[in-house]
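What follows is a set of notes on a single structure, which appears directly below.
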Number of protein chains: 2
Amino acid sequence: MGPLIQLKDLDFLLYQVFNAEQLTEFPRYQDHDRSSFNSILDTAHGIALDFFAPHNAKADHHEPTFDGKKVTTIDEVKIAWKQFADAGLLCAQHDYADGGMQLPTLLNMACNAFFMSANPSTVAYCFLTSAAANVIHAFATEEQKAMFLPSMLNGRFSGTMALTEPDVGSSLGDLSTKAIPQEDGTFKIKGQKMFISGGDQDITENIVHLVLARIQDAPSGTKGISLFIVPKIRTHADGTLAEANDVNLAGLLHKMGYRGTTSTVLSFGENDDCVGYLIGEAGHGLKYMFKMMNEARVGVALGASMIGYRGYLESLTYAKNRPQGRLPTDKTSHSKPVNIIEHADVKRMLLAQKSYVEGSLALCLFAARLIDEHQANGNEDSAILLDLITPVVKSFPSAYGPKANDLAIQVLGGAGYTREYPVEQCYRDNRLNPIHEGTFGIQSLDLLGRKLWQHHRLGLVLLLQRIQQTLEASTSEEVAPLAKIFKVHLNTLQQTIAVLGQSLHEGKVNETLANSALFLEIMGRVIVAWLWLEMSNKALMTYGQSENHEDISFLKGKLQAAQYYIQWELPEIEHYAKLLMQFDMTCSNMQIDWF
Amino acid sequence: MGPLIQLKDLDFLLYQVFNAEQLTEFPRYQDHDRSSFNSILDTAHGIALDFFAPHNAKADHHEPTFDGKKVTTIDEVKIAWKQFADAGLLCAQHDYADGGMQLPTLLNMACNAFFMSANPSTVAYCFLTSAAANVIHAFATEEQKAMFLPSMLNGRFSGTMALTEPDVGSSLGDLSTKAIPQEDGTFKIKGQKMFISGGDQDITENIVHLVLARIQDAPSGTKGISLFIVPKIRTHADGTLAEANDVNLAGLLHKMGYRGTTSTVLSFGENDDCVGYLIGEAGHGLKYMFKMMNEARVGVALGASMIGYRGYLESLTYAKNRPQGRLPTDKTSHSKPVNIIEHADVKRMLLAQKSYVEGSLALCLFAARLIDEHQANGNEDSAILLDLITPVVKSFPSAYGPKANDLAIQVLGGAGYTREYPVEQCYRDNRLNPIHEGTFGIQSLDLLGRKLWQHHRLGLVLLLQRIQQTLEASTSEEVAPLAKIFKVHLNTLQQTIAVLGQSLHEGKVNETLANSALFLEIMGRVIVAWLWLEMSNKALMTYGQSENHEDISFLKGKLQAAQYYIQWELPEIEHYAKLLMQFDMTCSNMQIDWF
């Protein structure tokens, strides 16, 4: 199997583009330095290579089974889980006092990148557990923490997020799982949840479900929803196991990809004996969940980026080594075939992949950096900017990671369509990402209907400030021409926002939001093009004077990918902007009977 | 399972848009009329529904196995094969004298559409056999025909096309399978072939491979290639079976989709005892194969269209019946959720699918009509036009059928990602189509490097004449505004061709062909947009005066999809044309070390 990531690229993004060392100036991270960061990265890389990558295909072929009583996963998953937990990676970001490393989000994301490339299905159990632990850490009582948190951070227990229900999907306000108050302050939970990843498995001693439910007589809609801790097996105050808790697996869902991760239908309280513990205040369930949702969405984006990245590297290796065909100017039949990377159209497919996956990874790491600035340094502006761009961070990699995988298959041709090569699994795995944690359409409504206008558009102002800084630095002969093209399209974005803002102001809600997907696409491309300018500037600063061949090639590659993205992909937004500003109602006017 | 196609749409395309009844004026088809056409369509539809659709998912789950000796397929495949053969569909287009129906290609394609929607994997065995039989019918000797053809047309034998080799891929000129002349006029074949669909199975008594090989001492390159009939089991002059023929299955390839069709690695002459029969003249092998290739490519396109169509209908049914969420203007929490088809973004995803799959199907049927005009009526212009557009016919549906399937999954959301719904299989199956029978990149070089300029550009002149006729008919208030937009972009296409032609004329081959994929994309969108104008005009002519609700809805749907395609999708070509006319070398200039 090929490399998980280009290490030089990751190093460049962390230390040059996003200035990871500067994070050690924040008190929470002050014990860290570049060397400790690199040591953790090395550990993660090693575990990903040795314990996750080798069974990625096997876990896909041998997906978890359910015999009506028990779920069975392959042994390699359990070994990988233990390695991940034993290395302290489940609690890498937690306090030293809790056994954690107080690792910045930026570095944690970089560690996660190795695992997402190596084996997104197996590591999903780990990431879900970290996310659930974060919620408990942030909002649960000390007693609740004592019961569950240590076991989740050391790998005895795993965690899940149980939101969706069979008839509810993304519309959480309609959920119907009930919570009936008991005299001892606990609740009896009753209802069914669907699409619960990791909802059952044979990897850990216990599973801690975070369940959204409606307390008896609570109002309908989102305001009536509370959040509960519901363990699969009840737990004593000290975290030791007690009896089972009436959480039953109704069945496994079988997916196109991400097959190593169980997707479950869970029944809570079939026998009216399912205990749940309320987290925080009643009626605030969605608020607690959404506090974590930004991070969960960046996590999905990282997965999409890295599955894309993995496919890119696989197709690159193949293209460098597969002789076939001749260049158009070679009309002889006696010449040797060239390696397919020599063909202009193969270069196009590789360059497009590079621009998508490296751009996506940069976007995820940018979001991670904003999380650190806010959480470890109290920077509210960073939180506001993150809030604005989260729909883009979730959606762009989720759209373009799969596109990259599509191109990777195409580079390999017939071989890429067979299961003898890894790219078809990448393609299947990555197809989940535009769906979960909010589809592209839902993210686009969130962006255009809400996020863009929050805080008197301060998020947008902050974004434009950052972009302006990059543009001011884009004075080199290499980058200035790209910055010039970029400005034209940035201007289009601003015009579009002005027109749509005016229209919303006039109360034309449906008209303004009808083509929200186009707006999200525009925002995504502008932000990623900006990151390509930023990467170009930083690559020039870092390697512009180097005489080392590898450095020069790296720099040239970044510049060429930036040029590709800005000359080929970015200008397409002009057409989308036109449709938006004309309030084109073609789709919206389509009537059901006309299909 | 949902419908295979909208029957009203197929009827409209056949009889209104492509004037199927007019074909009965050709002597070869004179015994047919609309009633006989419809009767054959009904038969095909019934067999597709009853014997192909029911095991589409099962054949995917239980792909053929190979125990080292024998391939095993599920029984349903054998039953379906027999039904198809017994209905005379293997030889529907053949002469009455050979037991055929002398069915026009246009109608044969329409029959095939049902099967491609129902079960593309199982019907692949049938279509491969028809294609091989067509080659034998056209180029083999009477003795050879007597040995093989009747058994292929009645379903005793199947057929394959054995072109690709492990180290050769699309570059057939490099193939190395040898043919050694024997004293009795036969040849001994020796070599390995790869990606041979249907190359082994347990469905038929015998398999007739059409094998490209190089006769001993033949020149290198394409001119040294000859075509051979190589049966799996040797056959007496009357078609009865003799002994085995040293054709061995080296292994099955396991694919992401299209799993019901075996994809094989075949060894010919491992024991130096593989008999082959030369077809036609030595050294003309590729010419014979390519005579059939236009039809094979339209066949691939039809599959891509219909798998796309099937996904469209599945997602349409789901969207009409799945309540979730509320419209943006509904801020109450007490209202009932709407069916998701009410959401503007879901309408967009359905309308895009409709425009892709109905446009693709129209393109395939247009190509079929051209084949009839040429083969049954001797119209050379039709052959030249078909030759020009074949790369587009192959590539557009192969690109946009899968895009439609991607959108179908997105409409279903999490459900669409599970194997409990059929759209994920559509997505996997359809991913083959941009690869086989010539990738998008190879088709684009064929179009821009060769087809466009052949016959002093007569193909283009003929295409523009047809487009002009449509534009002249586009005078209605509904269609005229769309035609006006279309003309702008048609003009861009013509300008682009002028600039690229001039550049080729100046010998700038690499520069001109570097971005050939963009040119193919432009041609595809213009041709499909033209077909949408044509469909709009014909729908108005047919249903413009109707007061029947279903007719009016059908008409409105066609007009709205045309509007979508021409206002949303077509204008994107302006950016591609700009890159082409600027001879943008961004991709081509990328160096291997820079990746």
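The values are calculated or read from the model by the stated rules, or taken from the named source; none is laboratory data. Since we're looking at a predicted model, the values are computed, not measured. Glycine gets a Cβ as well: all are built from the backbone with ideal geometry, and neighbour counts include every protein chain shown. Accessible surface areas use protein heavy atoms only, side chains included; no ligands, DNA or RNA. Shrake-Rupley method; radii C 1.70, N 1.55, O 1.52, S 1.80 Å.
A few points about this structure:
- Amide H contacts of B:A244 (H built 1.01 Å from N, under 5 Å, at least 5 apart or other chain): B:R234
- Its Kirkwood hydrodynamic radius, worked out from the mean inverse distance over all distinct Cα pairs, puts segment B:230-303 at 15.2 Å.
- Segment B:463-586, relative contact order [Cα under 8 Å, separation at least 6], %: 41 percent
- Per residue solvent-accessible surface (Å²) - chain A, probe of 1.4 Å: 35 Å²
- Helix A:285-321 and the longest principal axis of the Cα set of chain A meet at an angle near 40°.
- Relative contact order of chain A: 12 percent, from C-alpha pairs under 8 Å at least 6 residues apart in sequence.
- Label-to-label distance for B:E420 and A:D95 is 4.2 nm, based on points extended 7 Å past Cα in the beta-carbon direction.
- On Cα atoms only, tilt of A:454-473 relative to the major axis of chain A in degrees: 30 degrees
- Summarising the label geometry, the points placed 7 Å from Cα in the beta-carbon direction at B:E547 and B:D202 lie 6.3 nm from one another.
- Flagged links, alpha-carbon separation over 19 Å, of A:K287/B:K336; A:K394/A:K556; A:K354/B:K255; B:K354/B:K487; A:K354/A:K487; B:K394/B:K451: A:K287/B:K336; A:K394/A:K556; A:K354/B:K255; B:K354/B:K487; A:K354/A:K487
- Label point of B:T186 (7 Å along Cα→beta-carbon): distances to the other copies' equivalent points are 8.0 nm, sorted ascending.
- Between the beta carbons of A:I592 and B:K78, assuming R0 = 35 Å, the FRET efficiency works out to 0.25 to the nearest 0.05.
- Of all stretches in chain B that contain no trypsin sites (Lys or Arg not before Pro) in a DSSP loop with at most 12 other Cβ atoms within 10 Å, the longest one is B:71-330.
- Relative contact order computed over segment B:123-231 (Cα-Cα under 8 Å; 6+ residues apart), in percent: 27 percent
- Using bins of 5 Å that start at zero, the share of Cα-Cα pairs per bin across segment A:457-590 amounts to 2, 10, 19, 18, 16, 12, 9, 6, 4, 2, 1, 0, in whole %.
- If R0 equals 56 Å, the separation of the Cβ atoms of A:L327 and B:R156 corresponds to a calculated FRET efficiency of about 0.75.
- Considering only segment B:157-287, percent of DSSP beta bridges that pair antiparallel, nearest 5: 80 percent
- Calculated on alpha-carbon atoms, Rg and Dmax of segment A:7-150 in Å: 16.7, 54
- When both segment B:145-196 and segment A:528-548 are represented by their alpha-carbon centers, they are found 54 Å apart.
- Distance cut-off 56 Å, percentage of C-alpha pairs in the protein assembly as shown lying past it: 18 percent
- Net charge of neighbours whose Cβ lies under 13 Å from the Cβ of B:P120, counting Lys and Arg as +1 and Asp and Glu as -1: +3
- Interchain or long-range residues, amide H under 5 Å from A:N206's placed H: A:S158
- Volume in Å³ per residue [convex hull over Cα atoms, computed for segment A:158-284]: 107 Å³
- Across identical copies of the chain, A:H505 has label-point separations of 5.4 nm, listed in ascending order, with the point defined 7 angstrom from Cα along Cα→Cβ.
- Exposure of B:C587 as accessible area (Å², to 10), given a probe of 1.4 Å and all protein chains: 0 Å²
- Atom-type composition of the exposed protein surface of segment B:443-588 places 51 percent of the accessible area on carbon and sulfur (1.4 angstrom probe).
- C-alpha center-to-center spacing [segment B:61-106, segment B:481-497] in angstrom: 44 Å
- Descending semi-axes in whole angstrom, ellipsoid equivalent of chain A, from the Cα gyration tensor: 39, 29, 25
- Rounded to whole numbers, the Karplus 3J(HN,Hα) couplings from phi for segment B:195-210 are 6, 8, 6, x, x, 8, 5, 10, 8, 10, 5, 8, 10, 9, 8, 9 Hz, using 6.51 cos²θ - 1.76 cosθ + 1.60 with θ = phi - 60°, and x at Gly and Pro.
- Nearest-first distances (nm) between copies at B:Q465, label 7 Å from Cα via Cβ: 6.7
- The label point for A:L7 and the one for A:E281, both projected 7 Å from the Cα toward the Cβ, are 5.1 nm apart.
- Crossing angle, helix B:344-375 versus chain B [Cα axis fit, 0-90 degrees, rounded to tens]: 50 degrees
- Phi to ³J(HN,Hα) by Karplus 6.51 cos²θ - 1.76 cosθ + 1.60 over segment A:417-428, Hz, x for Gly, Pro: 7, 8, 7, 6, 10, x, 5, 5, 5, 4, 4, 6
- Candidate residues A:D95, B:D86: accessible-area rank, largest first, probe 1.4 Å: B:D86, A:D95
- Sequence-distant residues sharing a close amide H with B:C274 (under 5 Å, placed H): B:I189, B:G269
- Rg to Rh quotient for segment B:365-485, alpha carbon positions, Kirkwood Rh: 1.09
- Couplings for segment A:58-74, taken from phi via the Karplus curve 6.51 cos²θ - 1.76 cosθ + 1.60 with θ = phi - 60°, read 5, 5, 6, 5, 10, 5, x, 10, 9, 9, x, 10, 9, 8, 10, 10, 6 Hz in order; Gly and Pro are left as x.
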